Structures are given as structure tokens and as C-alpha cells.
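Below is one structure, written out as C-alpha cells; comments come after it.
Derivation of every value follows stated rules applied to the coordinates shown; laboratory data play no part. In this text the structure is predicted, and so the values were computed from the model without any measurement. All Cβ positions, even for glycine, are placed from backbone atoms using ideal geometry, and neighbour counts span all protein chains on display.
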């Protein structure tokens, strides 16, 4: 039976040293943990104070900050205190910790402690070792040696006191600073404690900044401004209630769209004086092309996280008028689009409607002429549209429109809407006499042709006439407009027309008088005291006897004959020009020119267009063409002149069938045939001749003969008309002779009557 070994007892000095080390480790962890928690609380105190003083966050943010500090303190307490307190500290680990600082122990302390720790271990190696007497004596000797050695061991060398010292100093400094702050700044400390308890009162400051437009920045930290425009920011620094104005206020801005940043000092405006001014003003100008965020810093105040939101200015896209016209215009209401200037007729009522490209807020409307404000209504259904009434328009004016949109932005310059009032114009008449000259007989009928027009309708049209300097009289036209905008006129003013009741002429004219005639018209305008009346030009006509009128017309016939004689002579010249064209000479000249060109320099052959003879005859043909066209025009003019004479004879009622036959059949119609048929055919033959002549002069004989034939036919017809004119002249001379005989007879008759009256007076006197 083997003997049982007694347990190995660790020497008391060793056991005491290990136990003391365990206690010191626990105290070290506790001290470091408390310092860490104090640091977290201190940092949270000062950091929270700084944030709250700078930003003055809402209570919810302050609650979150306090919660964050609490969580950080709990984390520090768990890391440095809780987790370490729960961690086991075995004796052999503590002994090993001492051995690292005291290597001269030669691992005796660790061996002794491990022998004690494992004395009840079932490990057979240890049991055998301890059971061996020699071995046991060795362990006891090692224990005694370790017990002796640990008396000189100082446990403070085991600990690195620098982390604990740093944490301790930091904790003490933070807590001391809090204590000093609480004593030195009792009001501020108390105010901060109130803020921690979620007080809504803001920090008292030496500088109080307010940004114009952002007074309630908690509710609205953003302002809408016009895109691509300069925005002038104004900041006020209060100088009331103990506040002072800083020397400099700074702007710091950033652009979220591209990350751009910038800033600078604001411009100080003047110098505010306490007692006189409430605040010092500062200005800064932004160029806003996109959204901007900015902060304002001055003295001990900060205004942060303000934003400028770039929006488009409101702009007009469409303008139209809903017009209600005056009754006299007899027009239905209509909608008129406006581009630039709005125009409405005088007396009209209208509603002006304007559409913008974005929703609008209230609109300001001002009359720049009358310097008065008008009311504008923004549509609820269409917020981008607004309207305003225009009362009965009487004068031009200009409206200045300032639009405020839903974003709070207004148009840069007021929208100008010129409003023009179109006055009602008098009717316009364009009238000409037809078939009447400057003289008429007392029984003449005066044809007038033309047109009367008015923008809004005619009511009445009449003849307006005056004899010499007498009163003006009127006679209505047979056709009345009855509200028509235009009235074509083919009217006659008959001087011989009789009054149905008295059967006397309406217009009693005598030779030697003067008749002034015009056409006038009236519209339905009723906005003024007088209606609008328009008139045509006034025609001044001399009243002559039939014989005097015929004499005047005979002079015109003489003038027309002289004109036609000149036309005939020029036509003879054109015919002679054709006789000068020598086709054979032109062909020979062209051949000679071609031969000379073939013998030119370097033997180069060239096609010759013709020589001088060819060019001369070509010019003659071209000249004949031009002259023929002009002769045709002049002949037509003479024919028209004779037609006018016939018309005057008819309208003055002095025509005879024989005279009309002479003038129309004998002169006018043949002249029209010459100008309208014969001469144009001759001109065509000349054109054919010119084309043939330019191609080959020798082949132009046939076109030349045709042209001469047409010229001869035209000359023959013109000569026949000229002979008829001479016959008419002889007839007119005979008539003039008879007219002279009649005049002489009238003179003899008057003288005889005068002599008879003289003899009768003599007999009566006797």
C-alpha cells in the first residue's frame, strides 16, 4: 500500500503578494473605467454645449445628443469596468505578470504558485512528483526561496500607469473645467442645464444676426430666387438689447449640383448708430444659376444651412382679348389674339386674358398713363391664367403687369401691354366721273363710278351739290348700303330730273353757272354728338350751252387728230425702215467676215456673227419692233379719247345719230382695230423676221415680205381713219361757220330790237 502525499502549501508571503496583486488589478480597471466614463461625460458636456451654442438645435436633436452621450458612457463603463470585473484572474497568470517585471525570480514564483494551484489536480505527473520525497523537498525549497524573494517585489512596477494617468488627467481636467464653468458662469451653466432639460429659450449672444427673407428659418430654410439672375442677400446685425455689430460678416456657400464652393466677406452698408438705428446692414450678391446652400458667420452668431432654390421667372406665353363691340357696329363678341399691341375699337368693352408658363400668385396691374392700380383675377381652375376687365375704351394707355408666381418669384421687369383705342373713322369714298369733262350742259346726266366703304357699315349715301355760292343741297342715291361695309357705285346725277310733285327740275341750272358735286356717306357711329360723315373729292363743273360744249369737244377732236397725224407719220417711217433692209448685202457681209475670221492668228477658224451691215439691219428690225409697240399704245389712246367725246355728247344730251356714227364707226372702232389687231400682228411679223435674220440673213426674205405686207395693211387702215378725221374737221368747220352766222343773226336781231326800243322811247317822250 502506497503512502498518500500531503498537499503542498504556498508560502504565506507568496500567497499574500498574489492576492494583493489581484486587488490592485481590479482597482486599476475600476479607476481606468471611471476615468473613461468621466471623459465621455465631459466631452459630451462640452461638445453638446458647443453644438447647442452654435446651432441651437430643436429639442428632438438635443434628446438625440444626450442619448448618444449616455450610450457612449455605458459602452465605456462596460469596456473598462464591467467586462474586466467579470474576467477571471488566475494566480499563475498574476505570478507570470510579476515574473515579467522581475526576471531575477527565475520562474520560482510561477512554479510555486502553479504547484499550489494544481495540488488537488488528478494529474498523475504532479502527484508522482509531490509524492516523491526528494521532489517535495525541492518544491519546498523553491517555495521558501520565492517567499524570500517576493518581499522585495514592488507591485507598482507591474502596472503601466501612463494610460491611467492620461485618462485620469483628462477626466480631472474635464470635470474641473465643468466645475470652474459652473462656478464662474453660473447663469450660463444654469441656462445650459435648462437647455439640457429641453428649454425652448435661445442662447443669449453678443451678436444677433438675421437674414432678410429667412426670419423663420426653422420653418422655411429655403428661398426661391430667379435662375440666372443676381440675388442680393441682406443680413441685419441687431444693435439693440446689448447686441453689438461685428466688424465683418462672412458668407460661405456651396453648390450641391457640382460641389462648387466659395465665400467672402459681406459689404457693410454705412455705420449704424445705437439709439438711432436698430441694426447694422450687410449685403452680398449671388449669381444664382442653380441651387445654393450657404452659411452666415459674424461675431459669436452663426446662421447655417440656408438655401437658395433657383426657379424660372414667370413669363407671358399668350395674350388674348374677349371683346364686346358697341351696338352700332352690329358685331358679335369675339376673341382676338394679341401680339405686341392690343387694339380694340372705340367704345368696346373687353376682358383681357393672359397666360403664363407656370402657376401664378397675385398679379399687380398698373395703368402707367392714369397712374392707377387695376384689379386682376387669377383663375382657380387654371392657376397659370389671369384676367382683368377693360371698360369702354376711349384713349390709349399702357398697362404694366407684375406677376408673382407660386414660387414667390416675380418677372424681372413689368410686362408692358400697350392698349390702343381705334377711333371710328369716317367713311371713305373713292369716286370718279365717267364720260364727263369739266363742262356740262344744263340737261346733262353725270355718271359717277367708285366705291364707298366703312369699317363698321354704312348707313346712308347721297349726292352733295352746290350751285355757285348757294346753299348745299343733297339728293340720296338710288342704292343705299343698309349697313354694308362696302357699296360699289355706278350712279348718275341727272340735272334734268324733275320733282314728281312740282314737275320742275330739281336742279335749275343756267349757262354760266358753276356746279360743285360730291358724294358723301354716313356711318352708324353713335358714341359722340355728331355722326361720322365722309366725302369724295369735289368736282367743279362749268355749265355751258350745247353749242359751247360742242365747240369745246371740237377742239379736243382737233388735238386728237394732230396726235394721230404724228402717229401715222411715225408708222410711215417704220415702213420705210423695212425698205432699207438689204438681205443680200447682209449675207455677203457675213460671208466676208467669216473668211477674215478663218484667216486670223494661228490659223484658227471662228464663226462670225455678221459684219457691220448685218448688225445695222438687225438694229433696224429691233427699232421697228419698239416703235410698233409704242404706236399701238398711242393709237389706243386716241381711240379712247374719241370714245370719251362720244360719252360726253351722250351724257350731255347733245348727241346725234349722225355724229355718233361718224365718231364711233368712222374713227373709234377702226382705231381700235389698228391698235388691237393690225399693229400687234405687224409686231409679231417683226419678231419672226428678227429670229430668221439672226439665224440666216439670206433666208429672211419671206418673213421680211410678210412684215411689209402687215405694215402696208396697218398704214392703209390708219390713212382711212385720218381721212375720216379730216372730213369730220371740214364738217366741224362748216358747223362752226353756221354757228357764226347764227351768232351774227342774233347780234343783228338784238341791235334791231334795241333800235326799236329807242325809237319807241323817243315817241313816248314827244
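In table form, for the structure just shown:
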read-out	value
Residues 456, 28, 693, sorted so that the one with the fewest Cβ neighbours within 10 Å comes first	28, 456, 693
Antiparallel %, DSSP beta bridges [both residues in the range 252-309], to 5	95 percent
Taking the range 387-513 and dividing mean pair separation by its residue count, relative contact order in percent (alpha carbons under 8 Å, at least six apart)	20 percent
Spin-label model distance (nm) - residue 565 vs residue 162, 7 Å beyond Cα toward Cβ	14.4 nm
Mean Cβ count within 10 Å, highest first, over the residues of peptides 327-333, 670-676	670-676, 327-333
As computed over the range 171-288, the Cα convex hull volume per residue (Å³)	186 Å³
Ascending count of other beta-carbon atoms within 10 Å, so fewest first, for 234, 257	257, 234
Spin-label pair residue 490/residue 335, simplified geometry with 7 Å Cα→Cβ offset, distance in nm	4.4 nm
